[in-house]
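Here's the structure, in structure tokens; my notes come after.
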Amino acid sequence: MVDELQLLIDLHKDASRQGPGGDDETRHAIALSGLKGATNLKIADIGCGTGASTLVLAKELDAHITAVDFLPDFLVKLEEAAGRADLADCITTLCATMETLPFTEAAYDAIWSEGAIYNMGFAAGIEAWRKYLKPNGILAVSEMTWLTDQRPEKLQAHWQREYSEVDTASAKMAVLERLGFSPIGYFPLPEYCWLDNYYRPMQQRFTEYLHRNNNSEAARAMVLAEKTEISLYEQHKAFLSYGYYIARKIDG
Ligand SMILES: C[S@@+](CC[C@H](N)C(=O)[O-])C[C@H]1O[C@@H](n2cnc3c(N)ncnc32)[C@H](O)[C@@H]1O
């Protein structure tokens, strides 16, 4: 298990992102959030990985960002990138699990999380993180989403096994509403966020990764699992994406 985690870190730590996404899409979510122009914001970026979204938030907003991940290797990469971009002063990294955040209640203007809330589950994450937001605070999360009401059996079965909470945007918005948020924006990530920004760079790392790990059975199994996911995405990309959800906390 520990070896498997090390292999996962090794495959992903040199990437600029660990899941589908894009800088333009983070900027679009910021625009929808209405945070642009506000000053002295406090933002948490949960499951930040090597910090693709953290760096955009730091560039675009007058904010201090607490970048949270439970893998220190990813946070080191983020700190290096923040230093290179001259953004280190507005980013603090925090090695913590998203289930047990050492945050004060009502402390944050916004909670961001790209492609990571599924680790807790969409509803559980929203419920747990809500209390850390100030009144009217913003939640911005991307989450695996069905783009259509019906989908191929094979695709449904795969994602049901991997993440049983995959659902349509309307169902996700209903969850947000039920848990005390008012949805203020939604958009699905375009294909290039998966193919050009995530899968293609990963595919280019496979050979070197296998070599580094002595072509071990575990490393080969990890590459095979990624290849299966990529092929499934390529065949069925009309049916699923990450949806980006932006919502405002409702108080009272
Ligand atoms: C799919 S990656 C997305 C990373 C980054 N947000 C991005 O879009 O490139 C999910 C991230 O969540 C982190 N993660 C997974 N489970 C976690 C947990 N329980 N607590 C904190 N971070 C976790 C992983 O280490 C990884 O960096």
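Please treat every number below as a calculation from the coordinates, not as lab data. Note that the structure is a prediction, hence the values are computed from the model and not measured. Virtual Cβ from ideal backbone geometry, glycine too; neighbours counted across all protein chains shown.
Sort Lys134, Lys249, Lys154 so that the residue with the fewest other Cβ atoms within 10 Å of its own Cβ comes first and the one with the most comes last.
Working: Lys134 15, Lys249 23, Lys154 11.
Going from least to most buried by this count: Lys154, Lys134, Lys249.
Taking Rh as the Kirkwood radius, which is the inverse of the mean 1/r over Cα pairs, what is the Rg/Rh value for region 1-57? Can you show the working numbers first?
Numbers: Rg = 14.5 Å, Rh = 13.2 Å.
Using only Cα positions, Rg/Rh for region 1-57 is 1.10.
According to a simple spin-label model (label point 7 Å from Cα along Cα-to-Cβ), what is the distance in nm between Lys59 and Asp86?
1.3
Based on the Cβ-Cβ distance from Leu210 to Tyr163, what FRET efficiency comes out when R0 is 22 Å, to the nearest 0.05? Before the final figure, lay out each step's value.
Working: r = 26 Å, r/R0 = 1.20.
Here the calculated transfer efficiency is 0.25.
Springs between alpha-carbon pairs under 10 angstrom, Gaussian network model over the chain: which of Gly185, Gly34, Gly49 fluctuates most?
So, out of Gly185, Gly34, Gly49, the one fluctuating most is Gly34.
At what distance in nm do the modelled label points of Gln150 and Lys131 sit from each other, each positioned 7 Å from its Cα along Cα→Cβ?
4.5
Under a point-charge model restricted to the Cβ atoms of Lys and Arg (+1) and Asp and Glu (-1), what is the dipole moment magnitude of region 129-251 relative to its Cα centre, in debye to the nearest 20?
The dipole of region 129-251 has a size of about 400 debye.
At q = 0.09 Å⁻¹, what base-10 log of I(q)/I(0) does the Debye formula yield for the chain when every alpha carbon is treated as an equal point scatterer in vacuo?
Taken in order of the listed q values, log10 I(q)/I(0) reads -0.38.
Going 7 Å from the Cα of Ser16 toward and past its Cβ, which residues in region 201-226 have a backbone nitrogen under 12 Å from where you end up?
Within reach of a label on Ser16: 201.
Let's see if you can work this out: charge +1 on each Lys and Arg Cβ, -1 on each Asp and Glu Cβ, no other charges. What is the dipole magnitude of region 14-114 about its Cα centre, in debye to the nearest 20?
160
What does the charge count near Ala174 come to, summing +1 for each Lys or Arg and -1 for each Asp or Glu among other residues with Cβ under 15 Å from its Cβ?
Here the count lands on -4.
Taking region 85-126, which GluC sites (Glu not before Pro) meet the DSSP loop condition and have no more than 12 other C-beta atoms within 10 Å? It would help to have the intermediate numbers written out before the result.
Numbers: sites: Glu99, Glu105, Glu114; in loops: Glu99, Glu105.
Here the sparse-neighbourhood loop sites are Glu99, Glu105.
Give me the distance between the Cα centres of region 238-252 and region 76-134, rounded to whole Å.
The two parts, judged by their Cα centres, are 17 Å apart.
Which of Phe103, Phe206 comes first, and how do the rest follow, when ranked by fewest Cβ neighbours within 10 Å?
So the residues, fewest neighbours to most, are Phe206, Phe103.
Just round it to a whole percent: the fraction of Cα-Cα distances in region 1-134 exceeding 25 Å.
21
Would you mind getting the Kirkwood hydrodynamic radius of region 114-252 from its Cα pairs, rounded to one decimal in Å?
16.6
With an 8 Å Cα cut-off and a minimum separation of 6 or more residues, compute the relative contact order for the chain in percent. Write out the running numbers ahead of the final one.
Working: 429 pairs, mean separation 59.3, N = 252.
Reported relative contact order: 24 percent.
Would you mind computing, in nm to one decimal, how far apart the modelled labels at Arg178 and Phe70 are, each placed 7 Å from Cα along Cα→Cβ?
2.4
Positive end of the charge dipole of the chain (Lys, Arg +1 and Asp, Glu -1 on Cβ, about the Cα centre): tell me which of Ile30, Pro72, Thr100 has its Cα farthest that way.
Of the options given, the answer is Ile30.
Kirkwood-based Rg over Rh for region 188-252 (C-alpha set), two decimals?
Rg divided by Rh gives 1.18.
Taking the Cα centre of the chain as origin, sum charge times position over the Cβ atoms of Lys and Arg (+1) and Asp and Glu (-1), and report the length of that vector in debye to the nearest 20.
Here the size comes out at about 360 debye.
Quick check on the chain: of the DSSP beta bridges with both residues there, what percent are antiparallel, nearest 5%?
Beta bridges within the chain, antiparallel portion: roughly 40 percent.
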